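Notes follow once the structure below has been shown.
The values are calculated or read from the model by the stated rules, or taken from the named source; none is laboratory data. Just so you know, these numbers come straight off a predicted model, no measurement behind them. So basically every Cβ, Gly included, is an ideal-geometry build from the backbone, and we count neighbours across all protein chains shown. Heads up: the accessible areas ignore ligands, DNA and RNA and are worked out on the full protein's heavy atoms, side chains in. Shrake-Rupley method; radii C 1.70, N 1.55, O 1.52, S 1.80 Å.
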Amino acid sequence: PGYRRANTKFHDKKHTTDALLAISRLIDGYNINHADKLNVHMVKLALIATIFHDVGYIQTIDDVTGTGAKYTLSHIERSINFLEKYYHKLNFIKKDFESMKNMVNCTGLNIMLNKIKFSSEDEKILGFMLGTADLVGQMSARTYLEKLLHLYKEFKEANIYGYESEFDLLKKTAEFYNATLLRLKRDLHNVQRFSLIHFQTRYKINQDLYSIAIDRQIDYLKKILSANPKTYKTQLKREK
């Protein structure tokens, strides 16, 4: 109550469910690989935090100017504020909110992860899993490249500079791929490795399907950008 429907086309419900599935697989892989399983209550908080991690893009009912994309730079703070109000209304304990706040902050590319004061090792691991699921969930999605065109529009509405056009954003996505890999492996402690264990155990597939999908996306992106920069959109038709 009091909020409009989400209207951002990159940070949409599909992105949230992709992240939710990805973190669930990471949790499963971790538990398969460890005798000491992740704390059940903390896992529940992590799944809730994943569902709420981008609600900061949603506008209030009286906010009728533009779309939620204008909150791109403040969406994490707004997501946490939304979560705090929601939990206060339902009389949940503050400790649980603080845990979810820390986890949601792990999705912020400009947030210093080593400055977050986690209450436990499980909370930290799950926070890094959420930060990882946020990235691999969107980058492995079948329509990721098409949705980057929507991301450019979100950035433009939020007055985020550094991207001159849709083509420029696509080009820089390919260029910064290595930086994303570094974040996953170094900053987020390579918790993505647990997805391989999940696929090996549950499906007898000896490959991390997330890594394969992401690599294919980037390879295809580089291919269409180098072939003919003027016709790249004709190669992006997978939204349906």
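Distances longer than 14 Å among the Cα atoms of region 91-130: what percent of all pairs is that?
Values: 306 of 780 pairs.
The answer is 39 percent, as a whole percent.
Working from label points 7 Å from Cα in the Cα-to-Cβ sense, the Leu182 to Leu21 distance is 3.1 nm. Entry for region 113-222 at q = 0.10, 0.11, 0.19 Å⁻¹: log10 I(q)/I(0) = -0.36, -0.43, -1.07, Debye formula applied to identical alpha-carbon scatterers, no solvent contribution.
Determine the per residue accessible area of the chain with all protein chains present and a 1.4 angstrom probe, expressed in square angstrom. Intermediate results must be reported in sequence, preceding the final value.
Working: 13390 Å² over 240 residues.
Solvent-accessible surface per residue comes out at 56 Å².
Over all Cα atoms in region 102-159, the spread is summed up by Rg and Dmax: 14.1, 39 Å.
Under 5 Å from the amide H of Tyr3 lie the amide H atoms of Ile61, each residue being 5 or more positions distant or on a separate chain, with H modelled from the backbone and absent for Pro and chain starts. Just list whichever of Lys9/Lys172; Lys94/Lys153; Lys101/Lys171; Lys115/Lys222 have alpha carbons separated by over 25 Å in the model shown. From Lys9/Lys172; Lys94/Lys153; Lys101/Lys171; Lys115/Lys222, over 25 Å: Lys94/Lys153; Lys101/Lys171; Lys115/Lys222. Across region 1-122, Cα-Cα pairs farther apart than 26 Å form 24% of the total. The 3J(HN,Hα) values that the Karplus relation (6.51, -1.76, 1.60; θ = phi - 60°) gives for region 45-57 are, in residue order, 5, 5, 5, 5, 4, 5, 4, 8, 5, 10, 5, x, 7 Hz. Gly and Pro appear as x.
Given the convex hull over the Cα atoms of region 189-238, what projected area results after averaging over all orientations, in nm²? Don't jump to the answer; show the numbers that get you there.
On the way: hull surface 19.4 nm².
Taking the Cα atoms of region 189-238, their convex hull projects to 4.9 nm² on average.
For region 59-164, applying the loop criterion from DSSP together with a ceiling of 16 other beta carbons within 10 Å to the trypsin sites (Lys or Arg not before Pro) yields Lys117, Arg142. Charged side chains reduced to their Cβ positions (Lys and Arg at +1, Asp and Glu at -1) give region 138-181 a dipole of some 140 debye around its Cα centre.
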